[in-house]
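The values are calculated or read from the model by the stated rules, or taken from the named source; none is laboratory data. Since the structure is predicted, the reported quantities are computational estimates derived from the model, not experimental observations. Here the Cβ positions follow ideal geometry from the backbone for every residue, glycine too, while neighbour counts run over all protein chains shown. Calculation scope for accessible area: heavy atoms of the full protein, side chains included, ligands and nucleic acids excluded. Shrake-Rupley method; radii C 1.70, N 1.55, O 1.52, S 1.80 Å.
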Amino acid sequence: MLTVYAEAFERDANPEDFSLVSILAHERGHQLLARHPRIASRIAGQVSAAGEEILASLLGAMLCETLADRDALVAKATAELLDRGVTVDVATQRLQELWDLLEALL
């Protein structure tokens, strides 16, 4: 069972930016970060709030069946990195490294 609080839907300024599927997948990503044995043990106390958002977006993207939802969540993760001053090339490289690591842990 997945519980999603209303705040998950209120965070983004434009409700049209993400489909319901991608919002739910992102929230499921947060659950996996907290509960998946191999992932939770590796990130406990090691990840900032922004880092958790990035990881939740990537995990959510991995769960999405449609390319549009997957792309939206990868774009969200990319925007988080770009907002922190990372270049596009570095963001792309880091996200691929994180994707590979998460894929190996799942």
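Some points to look at:
- Computed FRET value (nearest 0.05) for LEU106 with ASP17, which takes r as the C-beta separation and R₀ as 25 Å: 0.45
- Linear extension gain, ILE43 paired with TRP99, 0.36 nm per residue minus alpha-carbon span: 18.7 nm
- Computed from backbone phi with θ = phi - 60° and the Karplus coefficients 6.51, -1.76 and 1.60, the 3J(HN,Hα) list for segment 47-62 is 10, 6, 4, 5, x, 5, 4, 4, 5, 5, 5, 5, 4, x, 4, 5 Hz; x is used for glycine and proline.
- GluC sites (Glu not before Pro) within segment 13-65, DSSP loop, no more than 13 other Cβ atoms inside 10 Å: GLU16, GLU65
- Backbone phi angles across segment 73-89, fed through the Karplus curve with coefficients 6.51, -1.76 and 1.60 (θ = phi - 60°), yield HN-Hα couplings of 6, 5, 5, 4, 5, 4, 4, 4, 5, 5, 5, 9, x, 7, 6, 4, 5 Hz in residue order; Gly and Pro are listed as x.
- Rolling a 1.4 angstrom probe over the protein heavy atoms with all chains in place gives segment 27-68 an accessible area of 53 Å² per residue.
- Residue-span extension gain [THR87 to ASP71] - 0.36 nm each, minus C-alpha spacing: 3.9 nm
- Computed packing ranks the peptides 76-83, 88-95, 54-61 as 54-61, 76-83, 88-95, most packed first, by mean other Cβ atoms within 10 Å.
- Cα gyration tensor category, rounded, prolate or oblate, for segment 35-99 with a/c compared to 1.5: oblate
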